[in-house]
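**Student:** To start, I am sharing the structure in question, which I have written as structure tokens.
Every number in this text was worked out from the coordinates using simple rules, so none of it is lab data. What you see is a predicted model; the values in this text were computed from it and never measured. FYI the Cβ positions are ideal-geometry reconstructions off the backbone, even for glycines, and counts take in every protein chain you see.
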Amino acid sequence: MNLSPQMIQFALFGLVAFSIGGILYALFYARLSGGSRSQKRVDVVAAGAASPAHDRRPGEDGRRRRSVEDTLREIEEQQKAKGKRGSKPTLIMRMRQAGLKWSVRTFAIVCVLSVLVMIPAIAFLTGLPLLPSIGFGLGLGIFLPYGYVGFLRKRRFKQFTNEFPNALDVITRGVKAGLPLVDCLKIIASEASPPVSTEFREVVEDQTLGLPLDEAISKLPERIPLPEANFFAIVITIQSRSGGSLSEALSNLSKVLRDRKKMDAKIRAMSQEAKSSAAIIGSLPIIVALLVYFTSPDYILLLFNTTIGQIVLCISAMWMGMGILVMRKMINFDF
């Protein structure tokens, strides 16, 4: 069948017009028909949820939800107020968090004794004159006690993080068995390992002296500034004000803390290669300098005996320190 060119053009025009019309109809069908079926179903479900027949139970859930939101908002405002007053702990608080019972006077005496020991030790080991030995001795003598307190503080926080999920499991089982929360806390205070037992013993003592239980537990994050302790205080505060299943909340919290611990271990394992590389890169110049000193001492002593060499050493040490800090920042993950 032979078609004329005019008929072919008319057929093509009809096909194009039909295609465009189908596309427009598919795009604007919902508006032309007064709404799509899915939107109508959503409207029906929403209308059914808002009907008086289904408004009894959701009303109670809504009131409890609003109570939880108000409690969380209040806790957030309190934490912001504490942050504005200063989030850096004092020396007394740091020693308390490290598990030390020192006073400021005791810490000052330790610093003085450390300085008196470091000055002659540096002068004897390095052969420096008296004035540089005094300067280095003062710096190291004051730094070492602070470093010791920081080391004990960090180790105590790690012990608390490792033991705290087990304590939550014990509290959860006690609450499910019908024991009051205070009795469960007393069990933790007497049976758990330090520092968890020590901190819960203070919570029990505060509650015995008349402080409400939620307020006594809210002091725990001040003594142990960790997310785990803060989560526990928030859960207890919300449960005391809004009600709900305490055993379920504590069980969920224990699972979250264990998942955080697993995530921390996974991050450490994944970043171990980068840490090893950073340690090798940071220690390589020192190792090479020692090897050159033992094999050709005259070659490397120019860096110590000449002014230009000393300047080069200072600049190199500064750049190496900056590089180590940058690498440490890159492999130090927070979550």
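**Student:** Kindly identify segment 269-335 as rounded, prolate or oblate by the Cα gyration tensor criterion: order the square roots of the eigenvalues as a ≥ b ≥ c, call it rounded if a/c is under 1.5, otherwise compare a/b with b/c, prolate if a/b is larger, else oblate.
**Tutor:** Working: a/c = 7.11, a/b = 2.06, b/c = 3.46.
Oblate, since a/c reaches 1.5 and b/c is not below a/b.
**Student:** Distance between the C-alpha centers of segment 129-166 and segment 212-247? Whole Å please.
**Tutor:** If you average the Cα positions of each part, the centres end up 30 Å apart.
**Student:** So, one more: Hey, rough spin-label estimate for LEU144 and LYS275, points 7 angstrom out along Cα→Cβ, what's it come to in nanometres?
**Tutor:** 2.6
**Student:** How large is ³J(HN,Hα), in whole Hz, for each residue of segment 197-207 in order, when computed from phi with the Karplus curve 6.51 cos²θ - 1.76 cosθ + 1.60 and θ = phi - 60°, using x for Gly and Pro?
**Tutor:** 5, 5, 5, 6, 5, 5, 4, 5, 5, 4, 5
**Student:** On to the next question. Between ILE287 and GLU191, what's the calculated FRET efficiency when r is the beta-carbon distance and R0 is 35 Å? Round to 0.05. Kindly include the intermediate steps, with their values, before the conclusion.
**Tutor:** On the way: r = 49 Å, r/R0 = 1.41.
The calculated FRET efficiency here is 0.10.
**Student:** Got a sec? How would THR295, THR237 order by Cβ neighbour count within 10 Å, fewest to most? Please report the intermediate quantities before stating the final value.
**Tutor:** Details: THR295 9, THR237 20.
Ranking THR295, THR237 by Cβ neighbours within 10 Å, fewest first, gives THR295, THR237.
**Student:** How far is the Cα center of segment 100-117 from the Cα center of segment 272-327, in Å?
**Tutor:** Comparing the Cα centres of segment 100-117 and segment 272-327, I get a distance of 34 Å.
**Student:** Quote to one decimal, in nm, the extra length available between VAL110 and GLU215 on full extension: 0.36 nm per residue of separation minus the C-alpha distance between them. Intermediate values should be presented prior to the final figure.
**Tutor:** Numbers: separation 105, 0.36 × 105 = 37.80 nm, distance 3.57 nm.
34.2 nm is the gain from fully extending VAL110 to GLU215.
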